[in-house]
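Peer 1: Structure incoming, see below.
Please treat every number below as a calculation from the coordinates, not as lab data. Predicted, not measured: the structure shown is a model, and the values here were computed from it. Glycine gets a Cβ as well: all are built from the backbone with ideal geometry, and neighbour counts include every protein chain shown.
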Amino acid sequence: MRKTLPTVMISISESYELVKSQIQCAAETSGRNPEEIELIAVSKTWPISTVSELVECGHKIFGENKVQELEVKCPSLSSSLRWHFIGHLQKNKARKVLPLAETIHSVDSLDIAERINTIAHELGLFPKIYVQVNHVGESTKFGFSPEELFQSFDSLLQLDRIEIEGLMIIPSFDADPEKVRPEFAALRDLRDKLEKITGIKLPGLSMGMSNDFLIAIEEGSTSVRIGSSIFGKRKVIKSNQKG
């Protein structure tokens, strides 16, 4: 009879230390300073008790993609934490997000950028943003095409209350992360072209998640968004309801 090996469970603190060491190794292998790379712990769907375990490890930067979760977690946890909004932001939710998140990674149209700028004026804020690029034109994803970005960039620069950190991408998913390397390289090249044309420095590249963050770092990522590699696999709740 074949024996079944027990599943080895590791703690959040152990997973966190492993991810940090992987980031450091990928950076050093690429000739980069690991301190240039920001680790955003993606806490979406995880309860406050689980997020608190990572806070106790000393981590302070978290990402949420749902406004409702951000509204609950932000005031319930330490005020020293820094929150990033990484999901699709609807114009009617911008007013709720801006006081809570210091950085928005998913500015996917000129319309939402203008809305953020208007609300930032009213609230006296200067939010940081990443401009989301849909480089391969996937219909299921939001973001500027490269052509739209070049056409709109002057208008984005005229928005005086937002600070453009750089560009962001959600690449195609592939079990082999090497296959998405060209998408990361293309985003870096697009950033470099924008800098050359405008003379504006865009230091940030928000790219890389649990499946592919090592490749993203090798291609120049400055901000990786990592959830399951730290917290574990999320439970999928099935529903028979439509819509």
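Peer 1: Quick one: if the Förster radius is 22 Å, what FRET efficiency do residue 91 and residue 45 give, using the C-beta to C-beta distance and rounding to 0.05?
Peer 2: In this case the efficiency is close to 0.35.
Peer 1: Report the label-to-label distance for residue 79 and residue 14 in nanometres (one decimal), using points 7 Å from each Cα along the Cα→Cβ vector.
Peer 2: 3.7
Peer 1: Turning to a different aspect of this structure: Which residue fluctuates the most in the chain, going by a Gaussian network model with Cα springs under 10 Å, if the choices are 152, 21, 80?
Peer 2: 80
Peer 1: Could you grab the relative contact order for the stretch 12-227? Cα pairs under 8 Å, six or more apart, rounded to a whole percent.
Peer 2: 19
Peer 1: Round to the nearest 0.05 the FRET efficiency obtained for residue 126 and residue 178 when R0 = 22 Å and r is the Cβ-Cβ distance.
Peer 2: After rounding, the FRET efficiency stands at 0.05.
Peer 1: When a/c reaches 1.5 or more, the comparison of a/b and b/c decides; with that in mind, is the stretch 145-204 rounded, prolate or oblate per its Cα gyration tensor?
Peer 2: prolate
Peer 1: For residue 155 and residue 60, calculate 0.36 nm times their separation in residues minus their Cα-Cα distance, and state this gained length in nm to one decimal.
Peer 2: Going from the current span to full extension adds 30.9 nm.
Peer 1: How far apart, in nm, are the 7 Å Cα→Cβ label points at residue 25 and residue 52?
Peer 2: 3.3
Peer 1: Please compute the Cα-Cα pair-distance distribution of the stretch 89-210 with 10 Å bins starting at 0, giving whole percents from short to long.
Peer 2: 13, 46, 31, 9, 1
Peer 1: Let me ask something else about it. If I build a Gaussian network model for the chain, linking alpha-carbon pairs within less than 10 angstrom, which residue out of 107, 72, 97 has the largest mean-square fluctuation?
Peer 2: Maximum among the listed residues: 72.
Peer 1: With helices defined as uninterrupted DSSP H runs, which ones in the chain have an alpha carbon span along their own long axis of at least 30 Å and mean Kyte-Doolittle hydropathy of at least -0.5?
Peer 2: Values: long enough: none.
Span-like helices in the chain: none at all.
Peer 1: If you don't mind, there's one more thing I want to ask. Exactly which GluC sites (Glu not before Pro) in the stretch 68-146 are in a DSSP loop and have at most 11 other Cβ atoms within 10 Å?
Peer 2: When the GluC sites (Glu not before Pro) of the stretch 68-146 are filtered for loop state and at most 11 Cβ neighbours within 10 Å, nothing remains.
Peer 1: For the cross-link pairs 141/179; 60/93; 44/73, which exceed 21 Å when the distance is taken from alpha carbon to alpha carbon? List each step's numbers first, then the result.
Peer 2: Values: 141/179 18 Å; 60/93 24 Å; 44/73 10 Å.
Too far apart for the 21 Å limit: 60/93.
Peer 1: Given +1 on the Cβ of Lys and Arg, -1 on the Cβ of Asp and Glu, and no further charges, what dipole in debye does the chain carry about its Cα centre, rounded to the nearest 20?
Peer 2: Values: 30 positive and 33 negative charges, 219 e Å.
Magnitude of the dipole: close to 1060 debye.
Peer 1: Another question about this same structure. Counting C-alpha atoms alone, how compact is the chain: give Rg to one decimal and Dmax as a whole number, in angstrom.
Peer 2: Every Cα atom of the chain included, Rg and Dmax give 18.6, 70 Å.
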